[in-house]
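Notes follow once the structure below has been shown.
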Amino acid sequence: MKRVFWMSIGITIGVIAVRRLSDAKNTLGPAGLNQAVSTAADALQNFADAFRDGMNEREGDLRTALGMDTGDTVAATMTAVRR
């Protein structure tokens, strides 16, 4: 009975080890690297979008506070100045 118990413990540890090694191999392979880069790119894009939204909101607040609220954005103003 004691041998059966230790044999089942050994098999369980072996199965867990094999699963962890296969997961590690998958994350280190090309597909895992592709997924990591994709996740990082998505996070960077979300940060840039949030930054632009905050910047546009702050620009509107400043334009209102300075009495320059004509509805133009910086891009429209710069385009008008170039012409």
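No value in this document is a laboratory result; all are computed from the given coordinates. In this text the structure is predicted, and so the values were computed from the model without any measurement. Ideal geometry is used to build each Cβ from the backbone, glycine not excepted, and the neighbour counts take in all protein chains shown.
Basic side chains Lys and Arg get +1 at the Cβ, acidic Asp and Glu get -1 at the Cβ, and with that the dipole of the chain about its Cα centre reaches some 880 debye.
Ellipticity at 222 nm from helices only: DSSP H runs of n ≥ 4 in the chain, each -39500 (n - 2.57), divided by the residue count, give -31000 deg cm²/dmol.
Quick check: the angle from helix 2-28's long axis to the longest principal axis of the chain, C-alpha only, nearest 10 degrees? Its long axis makes an angle of about 30 degrees. As a calculated quantity, the FRET efficiency between Val18 and Asn46 at R0 = 35 Å, using C-beta atoms, amounts to about 0.45. When the charge dipole of the chain is built from unit charges on Cβ atoms (+1 for Lys and Arg, -1 for Asp and Glu) and taken about the Cα centre, the candidate among Ser38, Met1, Met68 whose Cα reaches farthest toward its positive end is Met1.
Summed over all non-identical Cα pairs, the Kirkwood treatment of segment 2-82 gives a radius of 18.2 Å. Just checking the listed ones, Gly29, Gly14, Gly60: in the Gaussian network model of the chain with Cα springs under 10 Å, the one fluctuating most is Gly14. In the chain, the longest principal axis of the Cα atoms and the axis of helix 30-66 are about 30 degrees apart. Computed from the C-beta positions of Gln35 and Asp61 and an R0 of 30 Å, the FRET efficiency is 0.15 to the nearest 0.05.
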